[in-house]
Amino acid sequence: MTSIRGGSGKTTVAALLGATYAHYRQDPVLLVEADPALGSLPLRLGAESLRWTTGDLAALVEPQMSLLDITGYLVQLPQNAWLLPGSQGQVGAMLDTRGYERVMVSLRRYFGVTVVDCETLPAEVARTALSAAQARVLTAPATLEGVASTRSVLEWMRGLPRDITTTTVVVLTETAPHPGLDLDKAAEQLKATGASVRVLPYDRHLAAGGAIRTDLLARPTRQAATRLAAEVFELSQKRR
């Protein structure tokens, strides 16, 4: 999960994806916050307390650790989901590319699905996460500016040594009830780069902020989140 700018709904979509996978899967689901700049993923997930951060765990994790050892450093969430926060609500948490890679390589064998909420592009950790992920989600506000900047990012991604746009889903997030944007036309422009496009409709519960309660989401929002989760998972299974 990443974006080109803040306020695009990146963390909200990450929380929705994590909750959806945790609901439908029987194995543990991990949510990693690779955004140490006071990210809001713990708030969106309703985490009551925070333990170790992603940067902390990078210095502690060892290959011989069991799942029980690992979960001792994580925050337990409902339905067999686990959270590794990027900070503890304090400015100055450190996470570099080497630390991120160490955490992800060490933890991936314990969890069937991992959702990573990255910092915004073009930050170094976000670029590393984009390159290493099996599927990517790029969020953008459903505005003319959001579509234009996201189109530029997708064109940049197409120029990388390994084209990753075909395993990328763009999520246009509606931040107002009537965004005034031709969503079909915007989707066509973005799809021309090879990426898929989904729309997350405006939802009063999401717009209010705070912890996400799936029972308070509107039906179109729940449906959109489920379809997005299914598409991202299918893309992650593509042979590269």
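The values are calculated or read from the model by the stated rules, or taken from the named source; none is laboratory data. Only a predicted model underlies this, so the values are computations on that prediction, with no experimental measurement involved. Note: ideal-geometry Cβ built from the backbone for every residue, glycine included; neighbour counts use all protein chains shown. The accessibility values were calculated without ligands, DNA or RNA, using every heavy atom of the protein model including side chains. Shrake-Rupley method; radii C 1.70, N 1.55, O 1.52, S 1.80 Å.
Given a 1.4 Å probe and every protein chain left where it sits, what share in percent of the accessible area of the chain is carbon and sulfur?
After summing per-atom areas, the C and S share lands at 51 percent.
How much accessible area per residue does the chain have, in Å², with a 1.4 Å probe?
Per-residue accessible area for the chain comes out at 50 Å².
For the chain, what does -39500 (n - 2.57) per DSSP helix run (n ≥ 4), summed and divided by total residues, give at 222 nm, in deg cm²/dmol to the nearest 500?
-11500 deg cm²/dmol
Can you give the extra length, in nm with one decimal, that the chain gains between Gln237 and Ala148 once fully stretched, where that is 0.36 nm per residue apart less the Cα-Cα distance?
Roughly 29.1 nm would be gained on extension.
Be a star and scan region 153-173 for residues whose amide nitrogen sits under 17 Å from the point 7 Å along the Cα-to-Cβ vector of Lys191.
Those under the cut-off are 165-173.
Mind telling me which of Leu67, Leu107, Leu84 comes out most flexible in a GNM of the chain, alpha-carbon contacts under 10 Å?
For the chain, modelled as a Gaussian network with Cα springs under 10 Å, the answer is Leu67.
May I have the extent of the alpha carbons of region 122-240 along their three principal axes, as whole Å values ordered from largest to smallest?
42, 28, 25
Using a Förster radius of 25 Å, what is the FRET efficiency between Glu62 and Ala211 based on their Cβ-Cβ separation? Nearest 0.05, please.
0.15
Which of Met65, Met104, Met94 moves most in a GNM of the chain, Cα contacts under 10 Å?
For the chain, modelled as a Gaussian network with Cα springs under 10 Å, the answer is Met65.
Check the straight Cα-Cα distances from Lys238 and name the aspartates and glutamates below 19 Å, setting aside those fewer than 8 residues away within the same chain.
Partners within reach: Asp163.
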